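Worksheet for the structure shown next.
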């Protein structure tokens, strides 16, 4: 712990006073990508201070960190370049199927749910996401079963008006109506 106490104030001052300059420096290497630059600075700080160097001045520490930024960047570049030459040997397709459609649909459903009044929304979530029965929903919300069925029926109609036909929901509502008879 004695070693840490010697460099901890230097690290604290370096991060508070010189971090923006270090990130700008790293951004020059990363082609202006500030997220990558920030990651580069973080990795350089860890590499510099994890070794327990007796750095007692901010200027000396900054010089070490700048050197580490260069090393981390160059090592990463070499790894990326080497990987690029052997990637095909791994046998994994570089093409990843897009999840945009699923993400868009999920966002559309969330937005449509937000338009429902609180109780119908709760009924829909409990039925279709938590897979509760009408009786369980009624008990949880303190409502009559008929009220829950009405909320579900109306809510599905409102959601369909916003999202288009929901065949699974219609089948589910039909099952709810049959199971309660």
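Some observations on this one:
- One decimal place: the segment residue 53-residue 33 gains 4.2 nm when fully extended, by the rule 0.36 nm per residue minus the C-alpha distance.
- Length available on full extension from residue 8 to residue 136: 0.36 nm per residue minus the Cα-Cα distance, which gives 40.4 nm.
- Rounded to 0.05, the FRET efficiency of the residue 129 and residue 15 pair, given R0 = 41 Å and the Cβ-Cβ distance, is 0.40.
- FRET efficiency estimate (nearest 0.05) - Cβ-Cβ, residue 160 to residue 111, R0 22 angstrom: 0.95
Computed from the coordinates by the stated procedures, all read-outs in this text should not be read as laboratory data. Here the structure is a predicted model, which means the values were calculated and not measured. Cβ: placed from backbone, ideal geometry, glycine included. Neighbour counts: every protein chain shown.
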